[in-house]
Amino acid sequence: MKPVISRILWIICFALLFAGFLSGFVSAAYVLDVKLDPDIDAGDSFDVKLTINNTGNENLTNARIEIAIYVDGDIVHEDVESGITILENSSKIITISSTDFTTDDGYVWEKALMGYDCDKRTVRVKLAGDISAEDTATLDIDGEKLYVGMEPSRPTPSNEIAVEVEDEDGYYLDNMYVRITHLGDNEKWDPKDVYRERKTEDGKVTFDPLDEDFRFRDNPYGVYQLDVWHDGYCLFRDTFEVSNKLKITEVPENPYAGEEIRVKVLDIDDK
């Protein structure tokens, strides 16, 4: 019987130790709750309300909390809150406006026109540092549709680029923002890309030829992104390519044996 009793006592002691471990683990428990305006019009700002609940049995004092906000997986805000105190069984509220969104790469939310990109978006907030927690919420961006035309549809470096903007009823829209961005070698947008931006008059805007614009003339070839937007209107976005294709012609076109042949090589602008 003694070995059995000893084994039972050992099991009881182990269970008490394990329970104590769990109690200590639970004592530092934090729950994050994220709230925001579920529906906004294109271009509107919104607040992200973070409620950090201390559900444990210990006070949190002088804490350092790292905050990261993602929209559809893209980081739009990074910040650090220091000196945070949250007593046990209480909460702390932190409110962040979308107008203050900033990252190490700058104002990505603003520069990428994400607030005009109509659709349902998943907003995820992650906390790190002295607190580890995360939560998600849904943001629905809505607005009127823009109808955009560009001529020529496949411009060369020497072409002027004309853009027309209409609403769904076919009316030309004034003061619409129009941006042409050179996407660079990776053909993806980033904050350092070179761009030109203008506003429509009588629903139209014309850009100088790329090879005459100091922003693009050193390397006018590649993929460009066309963005059109305004408050209340959903972002219109499309891409086009400016290629450097060579045209090779023979003179004469149908030479005879022994006849001299001249080869003419021109770029896409016949230069």
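Quick rundown of the values:
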read-out	value
Violating pairs (Cα-Cα greater than 31 angstrom) within the set Lys35/Lys199; Lys92/Lys145; Lys49/Lys111; Lys145/Lys192; Lys92/Lys188	Lys35/Lys199; Lys92/Lys145; Lys92/Lys188
Efficiency of FRET from Cβ geometry, Ser158 and Asp130, R₀ 51 Å, rounded to 0.05	0.30
Length added when fully stretched, Thr239-Asp37, from 0.36 nm per residue minus Cα-Cα	69.6 nm
At q = 0.16, 0.20 Å⁻¹, base-10 log of I(q)/I(0) for the range 147-242 (Debye sum, equal scatterers on each alpha carbon)	-0.63, -0.96
The range 90-186: GluC sites (Glu not before Pro) in DSSP loop, at most 14 other beta carbons within 10 Å	Glu160, Glu168
Cβ-derived FRET efficiency at R0 35 Å, Asp119 paired with Ser97, nearest 0.05	0.95
Binned Cα-Cα distances of the range 29-142, short to long, each 5 Å bin given as a whole percent	2, 12, 23, 24, 16, 11, 8, 4, 1
Spacing of the two label points (7 Å from each Cα toward its C-beta) at Glu212 and Glu58, in nm	7.0 nm
Pairwise centroid distance, computed over Cα atoms, of the range 72-128 with the range 145-185, Å	32 Å
Residue order, fewest to most beta carbons within 10 Å, for Asp117, Asp140	Asp140, Asp117
Calculated FRET efficiency for the pair Asp44/Asn89, C-beta based, R₀ 30 Å, to 0.05	0.25
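Quick note: the coordinates plus some simple rules give every number you see, no bench work behind them. This structure is a prediction, so every number in the text was calculated from the model and none was measured. In this analysis, Cβ positions are derived from the backbone assuming ideal geometry, glycine residues included, and neighbour counts consider all displayed protein chains.
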